[in-house]
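Asks: I'd like to ask some things about the structure below.
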Number of protein chains: 2
Amino acid sequence: MSGGRTDSGSGLVWAIDLGGTNTKLGIVAAGGEVIGEESLPTRSERSAESWADEVAAALRAIGEREGVDERSIGAVGIGSPGPLSVKEGVLTNPLPNLPKWRGFPICAALSERLGKPAFLDNDANAAALSEQWLGVAQGSDNVVVLTLGTGIGGGVIAEGRLLHGFSDNAGELGHISIDHDGPQCACGSRGCIELYASAGATAERYRRKLIEAGREAETEITAEGVFEAAEAGDDLAKATFAEVGQYLGAAVGGIVHAFNPEMVVVAGGMAEAAPYFLETIRSVVKERTFPDLQAGLRIEVSPLGDRMGLLGAARLAFMAADGE
Amino acid sequence: MSGGRTDSGSGLVWAIDLGGTNTKLGIVAAGGEVIGEESLPTRSERSAESWADEVAAALRAIGEREGVDERSIGAVGIGSPGPLSVKEGVLTNPLPNLPKWRGFPICAALSERLGKPAFLDNDANAAALSEQWLGVAQGSDNVVVLTLGTGIGGGVIAEGRLLHGFSDNAGELGHISIDHDGPQCACGSRGCIELYASAGATAERYRRKLIEAGREAETEITAEGVFEAAEAGDDLAKATFAEVGQYLGAAVGGIVHAFNPEMVVVAGGMAEAAPYFLETIRSVVKERTFPDLQAGLRIEVSPLGDRMGLLGAARLAFMAADGE
């Protein structure tokens, strides 16, 4: 956090969803209405200061375009890949997405440029906030969100509060191992669920199936491509997602024993393909958890799509500005 | 919870540590001093009401023996195997230890008999409270306690508060799987850490090693026996614990990614043997977690021994009576 509490009315906030490839930004109202929004390339090879200049200018431009009085904006909310420090508002070690931005005091940088207090949290934590605010977890105080994309992130709300842990790095659920003797992961562990069910792992799984079946594998297969193939009726693509669902189910079973959530939300880029694996997750979790942990448990897909991160960043700003 | 808040001074509490085999009970002072204590067989084949009669009488007898004025006792704290309902003070489904006591309103039963408000929590949660209060986790607000015994339990303190989850069953860390394709567990999952590192699993691992080595396997090997063999210099016993440490390290790696604790405490009956596996856990966790999650992380053995559960039950009563 940087800049203390806001004095002005918190009717609107600036929201920033920082990703390794693109940064989404916008102005969001207290009811969740997006007043204006934009996406710009993050270009993480440049300096973080240059990125902050562009973001601040773009946020102001949205305000002018939409006729927003800057005095009605109470705070800035930022969701970012971790590791990061929520308390200090710093990107401590944002690997592998933003390696050159290590140590960047992102809250101070935006707060200086925009003249409002700025608040930072992990993008998956922001996702959990947005699901609880406007998505499928409304009314739930015990929520786990899994963001399935390039990597797998996790955001946990436990008894109404975001779980941060000792150094703000709780909820790294992509690095729950489902095989202690499995393939090596970048985190140092083996068999992390991220290696079985991220977008890249899904694409690679499909590519191997194509080769095994003697079908020509394009050099560049993406998870999006596997989804399109499944939509076109390709059985190998469907089988790929079914396997992904099996692995995810095993991981979610452990997550349920750890956190005893009421709601598990499947989100991120892979959520689009969830019709091909959601039921598998549900049935594996049902098979692999104590009955007491299944009572009342729901496993759902995020309805917020691309805006989930932006809305989560906005929610973060509203909550922090209100001192929640 | 049952009976609301206490009005009388909370200088002393009655504490009950209910186990499948024995029930420990005593009177504990606010500073953690055990004024008097006793252990009696739980005899879970009898009715829970009969158990409550005996426990209440034994608690009163301790008070008389120690010259305690009952008016100075503010509340009753109870630690029990789960699943249970903290809010309702009920043993919902205490399997496999107390199958006949399903649905027993333990708080109401003790509160009626003793005339004080009674408070219930999971025994591993009570263990976490006791470690934070008087043990190795003093000063830590992010604590995970693993109780290694007949089963493996978990108690999690996140940002200063016990993690309960949606239905008070969070922290079932013995059912974190380390192999999605591993042996079948009673919870329905496969490869749960409990199957690799509980007292029974440790004894069985040693038994297999003895047979492989052509040494005579006693029919009744216990984890205590493996510990004694290790103390006597038996290399197979030491190798057994080293393997247990490898598996525990893999599980703790995932737990660290999930909760980002400052302190992981190894507790329960197996803690005595920790000199034979603690360093292995530490080195595996170091190898298998992101550096940001290792910063400041400590992995230690409980110093509280047999009294951990009783002290945790007492702490629970003090906290609940104080409305914490």
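The values are calculated or read from the model by the stated rules, or taken from the named source; none is laboratory data. Since this is a predicted model, take the numbers as computed values, not measurements. Note that each Cβ is placed from the backbone with ideal geometry, even for glycine, and that neighbours are counted across all protein chains shown.
Asks: Given the residues A:Ala230, A:Ala313, A:Ala251, which is the only one that is closer than 30 Å to B:Asn122 by Cα and touching a Phe, Trp or Tyr at 6+ places or on another chain (Cβ under 9 Å)?
Replies: Details: A:Ala230 fails: closer than 30 Å to B:Asn122 by Cα; A:Ala313 fails: closer than 30 Å to B:Asn122 by Cα.
Going through A:Ala230, A:Ala313, A:Ala251 in turn, the sole match is A:Ala251.
Asks: Taking region A:121-156 as the search range and keeping residues that are closer than 12 Å to A:Pro261 by Cα and among the polar types (S, T, N, Q), which one is nearest to the other protein chains (Cβ to nearest Cβ)?
Replies: A:Asn142
Asks: Which number in (1) within 14 Å of chain B (Cβ to nearest Cβ); (2) touching a Leu at 6+ places or on another chain (Cβ under 8 Å); (3) touching a residue at least 12 places away in the same chain (Cβ under 8 Å) marks the one condition that A:Phe290 misses?
Replies: Among (1) within 14 Å of chain B (Cβ to nearest Cβ); (2) touching a Leu at 6+ places or on another chain (Cβ under 8 Å); (3) touching a residue at least 12 places away in the same chain (Cβ under 8 Å), the lone unmet condition for A:Phe290 is (2).
Asks: How many of the residues making up region A:180-208 are in contact with a Gly (Cβ under 8 Å, 6 or more places away or on another chain), closer than 15 Å to A:Glu243 by Cα and among the charged types (D, E, K, R)?
Replies: Selection size over region A:180-208: 1.
Asks: Identify the single condition in (1) aliphatic (A, V, I, L, M); (2) within 30 Å of B:Gly139 (Cα to Cα); (3) more than 14 Å from chain A (Cβ to nearest Cβ) that B:Leu210 does not satisfy, given that it satisfies every other one.
Replies: Only one criterion in (1) aliphatic (A, V, I, L, M); (2) within 30 Å of B:Gly139 (Cα to Cα); (3) more than 14 Å from chain A (Cβ to nearest Cβ) is unmet by B:Leu210, namely (2).
Asks: Could you look through region A:157-197, keep only residues that are within 7 Å of chain B (Cβ to nearest Cβ) and not in a loop (DSSP other than H, G, I, E, B), and pick out the one that is nearest to the chain's Cα centre (by Cα)?
Replies: Only one residue tops the list, namely A:Leu173.
Asks: Please verify whether region B:172-181 includes one or more residues that are more than 30 Å from A:Asn142 (Cα to Cα) and free of Cβ contacts under 8 Å to residues at least 60 places away in the same chain.
Replies: Checked against the condition, which is being more than 30 Å from A:Asn142 (Cα to Cα) and free of Cβ contacts under 8 Å to residues at least 60 places away in the same chain, region B:172-181 yields no hits at all.
Asks: So, in region B:285-295, exactly how many residues are assigned to a helix (DSSP H, G or I) and buried (at least 24 other Cβ atoms within 10 Å of the Cβ)? Spell out how you get there, then give the answer.
Replies: Kept after step one, since they are assigned to a helix (DSSP H, G or I), are these residues of region B:285-295: B:285-287, B:291-294.
Okay, now just the ones that are also buried (at least 24 other Cβ atoms within 10 Å of the Cβ), so B:285, B:293.
Of the residues in that region, 2 qualify.
Asks: Give the number of residues within region A:191-221 that are among the hydroxyl-bearing types (Ser, Thr, Tyr) and modelled with pLDDT under 95.
Replies: 1
Asks: Moving on. Quick test of your reading of the structure: B:Leu84 fulfils all but one of (1) in contact with a strand residue (DSSP E or B) (Cβ under 6 Å, 6 or more places away or on another chain); (2) at pLDDT 95 or above; (3) surrounded by 21 or more Cβ atoms within 10 Å (Cβ to Cβ). Name the failing condition by number.
Replies: Result: B:Leu84 passes all but (2).
Asks: Condition first: small (Gly, Ala, Ser) and in contact (Cβ under 8 Å) with a residue 12 or more places away in the chain. Now tell me which residues in region A:293-309 satisfy that.
Replies: A:Gly296, A:Ser302, A:Gly305, A:Gly309, listed by residue number.
Asks: I've got another one for you. Considering only residues that are in a helix (DSSP H, G or I) and of a type in the set (S, T, N, Q), look in region B:210-251 and name the one that is surrounded by the fewest Cβ atoms within 10 Å (Cβ to Cβ). Walk me through it before giving the result.
Replies: Initially, region B:210-251 is screened for residues in a helix (DSSP H, G or I), giving B:210-212, B:223-231, B:235-251.
Right, trim to of a type in the set (S, T, N, Q) and you get B:240, B:246.
On the way: B:Thr240: 29, B:Gln246: 18.
The extreme case among them is B:Gln246.
Asks: List pairs: first in region A:203-226 and closer than 14 Å to A:Gly149 by Cα, second in a loop (DSSP other than H, G, I, E, B), Cβ under 6 Å, 6+ apart or cross-chain?
Replies: Here the result reads A:Ala203/A:Ile221; A:Ala203/A:Thr222, each pair linking region A:203-226 to a residue that is in a loop (DSSP other than H, G, I, E, B).
Asks: Given the condition surrounded by fewer than 19 Cβ atoms within 10 Å (Cβ to Cβ), within 14 Å of chain B (Cβ to nearest Cβ) and either within 23 Å of B:Arg288 (Cα to Cα) or not aliphatic (A, V, I, L, M) (or both), answer yes or no: does some residue in region A:257-265 qualify?
Replies: Taking region A:257-265 first, the residues surrounded by fewer than 19 Cβ atoms within 10 Å (Cβ to Cβ) are none.
No, region A:257-265 contains no residue that is surrounded by fewer than 19 Cβ atoms within 10 Å (Cβ to Cβ), within 14 Å of chain B (Cβ to nearest Cβ) and either within 23 Å of B:Arg288 (Cα to Cα) or not aliphatic (A, V, I, L, M) (or both).
Asks: With the requirement that a residue be touching a strand residue (DSSP E or B) at 6+ places or on another chain (Cβ under 7 Å) and more than 22 Å from A:Thr21 (Cβ to Cβ), what does region A:108-117 give you?
Replies: Across region A:108-117, the qualifying residues are A:Ala108, A:Ser111, A:Leu114, A:Lys116, A:Pro117.
Asks: I've got another one for you. What are the residues in region A:270-283 that are part of a helix (DSSP H, G or I), more than 12 Å from chain B (Cβ to nearest Cβ), of a type outside the set (Asp, Glu) and over 21 Å from A:Ala217 (Cβ atoms), if any? Show your work before the answer.
Replies: Step one: filter region A:270-283 for residues part of a helix (DSSP H, G or I), giving A:270-276, A:278-283.
Now restrict to residues that are more than 12 Å from chain B (Cβ to nearest Cβ): A:270-276, A:278-282.
When the remaining residues are screened for being of a type outside the set (Asp, Glu), the result is A:270-271, A:273-276, A:278, A:280-282.
Matches in region A:270-283: A:Ala271, A:Ala274, A:Pro275, A:Leu278, A:Thr280, A:Ile281, A:Arg282.
Asks: For region A:277-295, give me each residue that is modelled with pLDDT of 95 or more and of a type in the set (Asp, Glu).
Replies: Within region A:277-295, A:Glu279, A:Glu287 meet the criteria.
Asks: A follow-up question, please. Just to be sure I understand the filter: pairs with C-beta atoms under 6 Å, separated by 6 or more residues or on different chains, first member in region A:68-93 and within 14 Å of chain B (Cβ to nearest Cβ), second member basic (Lys, Arg). Which pairs pass?
Replies: Pairs found: A:Asn93/A:Arg102.
Asks: Can we say B:Arg43 is surrounded by fewer than 21 Cβ atoms within 10 Å (Cβ to Cβ), basic (Lys, Arg) and not in a loop (DSSP other than H, G, I, E, B)?
Replies: Working: surrounded by fewer than 21 Cβ atoms within 10 Å (Cβ to Cβ): yes; basic (Lys, Arg): yes; not in a loop (DSSP other than H, G, I, E, B): no.
When the stated conditions are applied, B:Arg43 does not pass them.
Asks: When only residues in region A:98-109 that are more than 14 Å from chain B (Cβ to nearest Cβ) and either in contact with a Lys or Arg (Cβ under 8 Å, 6 or more places away or on another chain) or surrounded by fewer than 20 Cβ atoms within 10 Å (Cβ to Cβ) (or both) count, which is nearest to A:Leu195 (Cα to Cα)?
Replies: A:Lys100
Yes or no, residue by residue, for (1) acidic (Asp, Glu); (2) in a strand (DSSP E or B):
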site	(1), (2)
A:Val55	no, no
A:Leu59	no, no
A:Ile62	no, no
A:Arg65	no, no
A:Val68	no, no
A:Ile78	no, yes
A:Pro83	no, no
A:Pro96	no, no
A:Glu112	yes, no
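Asks: Of all residues being at pLDDT below 95 and surrounded by fewer than 15 Cβ atoms within 10 Å (Cβ to Cβ) in region A:296-324, which is nearest to A:Leu163 (Cα to Cα)? Just the residue, please.
Replies: A:Glu324
Asks: Can you tell me which residue among B:Gly135, B:Gly200 is surrounded by fewer than 19 Cβ atoms within 10 Å (Cβ to Cβ) and either in a helix (DSSP H, G or I) or touching a residue at least 60 places away in the same chain (Cβ under 8 Å) (or both)?
Replies: Numbers: B:Gly135 fails: surrounded by fewer than 19 Cβ atoms within 10 Å (Cβ to Cβ).
Residue meeting the stated conditions: B:Gly200.
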